[in-house]
Amino acid sequence: MFIVAGSLYVDPGARDAYLDSCVEVVRQARSAPGCVDFTIGPDLVEPGRINVYERWESDDQLLAFRGAGPAQEQVTAILGAEVHRYRISAVEAP
């Protein structure tokens, strides 16, 4: 299992429109085989920042979902990104 997490940066004035364009992607991801969790949301402090969190059972399942990747309009809107994949060695309850 692994986590994909980080931040995307878009024009602050375009952030709501960008997030609106992601609603169907989130629905599709959450119903995809191997997706444990998937969320994209606005940062509460930085107006142009979008926080990303995904948890997947396997690389193959993530790649099957991603396919060709995001729509070109979404790619164009991203001004910067810092997103990483984290391999999980154990999960513990709090």
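The values are calculated or read from the model by the stated rules, or taken from the named source; none is laboratory data. Values in this document were obtained by computation on a predicted structure and should not be read as measured data. Note that each Cβ is placed from the backbone with ideal geometry, even for glycine, and that neighbours are counted across all protein chains shown. Quick note on the areas: whole protein, heavy atoms, side chains included, nothing else; ligands and nucleic acids left out. Shrake-Rupley method; radii C 1.70, N 1.55, O 1.52, S 1.80 Å.
Quick notes on this structure:
- Estimated distance in nm for a label pair at Met1 and Ala93, the labels positioned 7 Å out from Cα along Cα-to-Cβ: 1.3
- Note that segment 2-15 has calculated 3J(HN,Hα) couplings of 8, 10, 10, 8, x, 9, 10, 10, 10, 4, x, x, 10, 4 Hz, one per residue in order, obtained from phi through the Karplus relation 6.51 cos²θ - 1.76 cosθ + 1.60 (θ = phi - 60°); glycine and proline are x.
- Accessible area expressed per residue, the chain, with surrounding protein chains retained (probe 1.4 Å, Å²): 65
- Carbon + sulfur, % of accessible area of the chain - ligands and nucleic acids excluded, 1.4 Å: 54
- Highest to lowest packing among 79-87, 1-9, scored as the average C-beta count within 10 Å: 1-9, 79-87
- Estimated from helical segments only, the mean residue ellipticity of the chain at 222 nm is -8000 deg cm²/dmol, where each DSSP H run of four or more residues counts as -39500 (n - 2.57).
- ³J(HN,Hα) computed for each position of segment 50-64 - Karplus, 6.51 cos²θ - 1.76 cosθ + 1.60, integer Hz, glycine/proline x: 10, 8, 10, 9, 9, 10, 10, 6, 8, 4, 4, 5, 4, 5, 5
- Chain lengthening between Arg66 and Leu44 when straightened (0.36 nm per residue, less Cα-Cα): 5.2 nm
- Expected-Rg normalisation [2.2 N^0.38 Å, Cα atoms] applied to the chain: 1.11
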